[in-house]
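The values are calculated or read from the model by the stated rules, or taken from the named source; none is laboratory data. Quick caveat, the model's predicted, so the values are computed rather than measured. Backbone-built Cβ (ideal geometry, glycine too); neighbour counts: all protein chains shown.
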Amino acid sequence: MSTDNLIIEHLRAIRTEIASVKSDTTDTRQRVGSVETSIIDMRRNVVHLFEDMAHQQLTMDKLLDRVQRIEKRLDPC
């Protein structure tokens, strides 16, 4: 009977460890999910920054064209 009790004690200890591992795994999954969400948000922000940069470049190009046209009109040659 002593051997049976020892086996039962070991099985209980193993169950406790498994429960701890499951808890850690759940926590890790939640944290990874949070990191993934943050990465998606950062990528979205980068895309918006590139859109803004493209818009600013287009505006600068238009301004440069206007300045060049004005300079042509003012050039006495």
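Residue-by-condition table, conditions (1) touching an Asp or Glu at 6+ places or on another chain (Cβ under 6 Å); (2) among the aliphatic types (A, V, I, L, M); (3) modelled with pLDDT of 95 or more:
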residue	(1), (2), (3)
28	no, no, no
36	no, no, yes
42	no, yes, yes
53	no, yes, yes
59	no, no, yes
63	no, yes, yes
66	no, no, yes
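With the structure loaded, tell me whether residue 3 is among the β-branched types (Val, Ile, Thr), at pLDDT below 95 and exposed (fewer than 10 other Cβ atoms within 10 Å of the Cβ) or whether it fails that test.
Numbers: among the β-branched types (Val, Ile, Thr): yes; at pLDDT below 95: yes; exposed (fewer than 10 other Cβ atoms within 10 Å of the Cβ): yes.
For residue 3, the condition - among the β-branched types (Val, Ile, Thr), at pLDDT below 95 and exposed (fewer than 10 other Cβ atoms within 10 Å of the Cβ) - is met.
State all residues of the range 37-77 that are of a type in the set (D, E, K, R) and not in a helix (DSSP H, G or I); if no residue qualifies, say none.
75
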